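First the structure, in the form of structure tokens, and then the observations on it.
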Amino acid sequence: MRRKSVDSTDTRIKTAKKANLASINREIRWDKLDNTANVFPVIAGESMSNVYRISITLTELIQPEALQDALEIVLPKFDGFNLRLRQGLFWYYFEENGKPAPKVKEENTFPCRFIHQNRNNSYMFRVTYYRYRINLEVFHVLTDGMGGINFLKELTYQYLRLVHPELKGQKGDALNSSTSLNREDSFLKNYRKSSARGYKTKKAYLVKGEQLNPGEFGLMHGYMQIPELKQVCRRYKASINEYLVAVFVWSVYRECMHGMPSDKPVRVAVPVNLRPYFNSITTKNFFVMVSAEFHVQKEEYSFDEVLQIVQESLKQQINKENLENLFSYNVSNEKVLVARAVPLLLKNIAIRVIYTQSALANTTTITNIGNISVDEAYQPYVEMFHACLAMSKGQHIKGTICSYQNTLVFSFSYDLADPSIQRGFFRKVAEDGVNVEIESNGVHYE
């Protein structure tokens with residue numbers, strides 16, 4: 001049964017709105033972009049939005065008015081989302097955004113579209129809904145996936161308290177104890193001088209083919225039970241992440257390269273959350289990319305061989321020393337005094353060149369959001385989480401992994417008409433003994 005919000009909700013909403021208006025009459029706060037964020041305003045546009053989506057599916061239909069109310073209550077508490085992007089002479093920077101929260105809208109188009117700030121009250125995120133699902137789409141300049149989850153969970157908690165007032169009696173309106181508001185630049189805090197080289201720039205094997213119509217965005221989810229998946233991974237002596245990345249590489253090798261040697265490697269960019277390695281709780285971006293590389297140099301490989309190559313490639317890179325070297329190399333470039341004095345217009349040209357080289361050095365990106373937990377009081381209302389990435393230069397298909405309770409979902413986002421890679425991927429997982437349920441938005445051609 002739907003329930004109306006209680007009268008005290010209106011008072012809280014008015015208070016939140018007054019707080020936003022009051023912020024206009026005092027000194028406006030500003031903040032620097034973190035090291036990773038500096039690239040996103042330069043390269044973002046309609047064809048490469050740099051927007052990611054994290055969704056939560058509930059057990060009941062979404063009430064849009066309550067969702068809007070929840071956003072207006074929660075947003076003022078999150079300095080990291082209550083921002084607009086400004087352009088200076090030498091760098092982009094954040095400025096506090098005192099405007100009303102962006103309007104919650106029913107989803108009516110494809111995911112991960114470019115966010116026009118001037119049409120969105122200058123905010124760099126959007127909230128939409130569709131039936132049982134709440135979607136949070138974030139311009140990557142604000143935060144990475146962990147920061148997005150941090151915000152989406154609090155938005156959902158507040159929404160559920162409005163729709164189910166008995167939850168408010170249990171939990172109150174305070175933020176969850178595990179929610180972070182930290183805005184530390186953990187790249188700068190943990191930076192160490194390093195002469196190590198950064199990311200690989202040698203071109204990778206790129207998946208090509210007929211593309212979907214302009215603006216179309218394909219999405220395909222594969223649901224797997226984690227106990228079954230763990231059993232398969234134990235048999236292969238691999239982690240879930242290693243196994244799924246290897247299955248993707250195997251699918252490209254079989255479906256696109258047809259087992260033939262190539263002078264370009266299949267290289268999968270894998271974002272690594274740095275927070276556990278450096279004891280950070282920041283809500284700014286704090287990740288680096290490592291690459292799983294498979295170079296086809298002989299006539300035929302078995303899946304076990306591909307998996308072993310992928311495992312060794314990742315294990316060599318995912319250690320604290322190497323991760324520190326990777327982001328320290330990037331920060332060192334930012335800290336060069338000469339570079340600081342270069343006008344933003346010229347910096348942007350250099351950043352585009354460097355980005356293009358690194359983007360074309362990867363076949364795809366596969367990110368693992370991890371297992372998402374929900375406070376016990378709200379668990380009866382939460383069914384599942386999903387995530388997906390926008391396309392980027394040279395990368396026409398990407399993968400995202402996230403899980404909730406005993407279910408893992410591998411989500412493909414793509415703008416290619418041929419679904420052979422997706423089909424080959426899920427076929428291999430099923431052959432290994434994992435039951436896979438597939439859901440798609442139907443945007444592909446058989």
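Just a few scattered comments:
- Per-bin percent of Cα-Cα distances, region 151-257 [5 Å]: 2, 7, 8, 9, 9, 11, 17, 17, 11, 5, 3, 1
- Within the accessible area of region 288-446 (1.4 Å probe), percent carbon and sulfur: 50
- Helix 420-431 and the longest principal axis of the C-alpha atoms of the chain enclose an angle of approximately 80°.
- Among Val310, Ser47, Val163 - extreme Cα towards positive end, dipole of the chain, charges at beta-carbon: Ser47
- Rounded to 5, percent antiparallel among DSSP beta bridges of the chain: 85
- Using only side-chain charges placed at the Cβ, +1 for Lys and Arg and -1 for Asp and Glu, the dipole size of region 393-439 relative to its Cα centre rounds to 180 debye.
- Leading residue at positive end of dipole, region 333-446 (Cβ point charges), from Ser411, Leu346, Met384: Leu346
- Relative contact order (percent, whole number), the chain, Cα cutoff 8 Å, 6+ residue spacing: 23
- Placing +1 on the Cβ of every Lys and Arg and -1 on the Cβ of every Asp and Glu, with no other charges, gives region 202-281 a dipole of roughly 400 debye about its Cα centre.
- Rounded to 0.05, the FRET efficiency of the Lys105 and Leu188 pair, given R0 = 41 Å and the Cβ-Cβ distance, is 0.65.
- Once the 1.4 Å probe is applied to the protein heavy atoms, the chain comes out at 46 Å² accessible per residue.
- Counting DSSP beta bridges with both ends in region 24-146, the antiparallel % (nearest 5): 90
- The relative contact order of region 259-398, computed from alpha carbon pairs under 8 Å that lie at least 6 residues apart in sequence, is 27 percent.
- With Cα atoms, 0 to 90° folded angle of helix 240-255 axis to the chain main axis: 50
- As a calculated quantity, the FRET efficiency between Gln117 and Ala341 at R0 = 22 Å, using C-beta atoms, amounts to about 0.20.
- Dividing the helix sum by the residues of the chain, where each DSSP H run of 4 or more adds -39500 (n - 2.57), gives a mean residue ellipticity at 222 nm of -10500 deg cm²/dmol.
- Farthest toward positive dipole pole in region 344-446 [+1 Lys/Arg, -1 Asp/Glu at C-beta], among Ser373, Tyr355, Ser440: Tyr355
- Summing Cβ point charges (Lys, Arg +1; Asp, Glu -1) relative to the Cα centre of the chain gives a dipole of roughly 1340 debye.
- Acute angle (nearest 10 degrees) that the helix 303-317 long axis makes with the longest principal axis of the chain, alpha-carbon atoms: 60
- Alpha carbon centroid spacing (whole Å) that separates region 102-134 from region 290-317: 39
The values are calculated or read from the model by the stated rules, or taken from the named source; none is laboratory data. All values derive from a computational prediction rather than experimental measurement. Positions of Cβ are backbone-derived with ideal geometry, glycine not excepted, and every protein chain shown enters the neighbour counts. The area values use the complete protein model at the heavy-atom level, side chains included, leaving out ligands, DNA and RNA. Shrake-Rupley method; radii C 1.70, N 1.55, O 1.52, S 1.80 Å.
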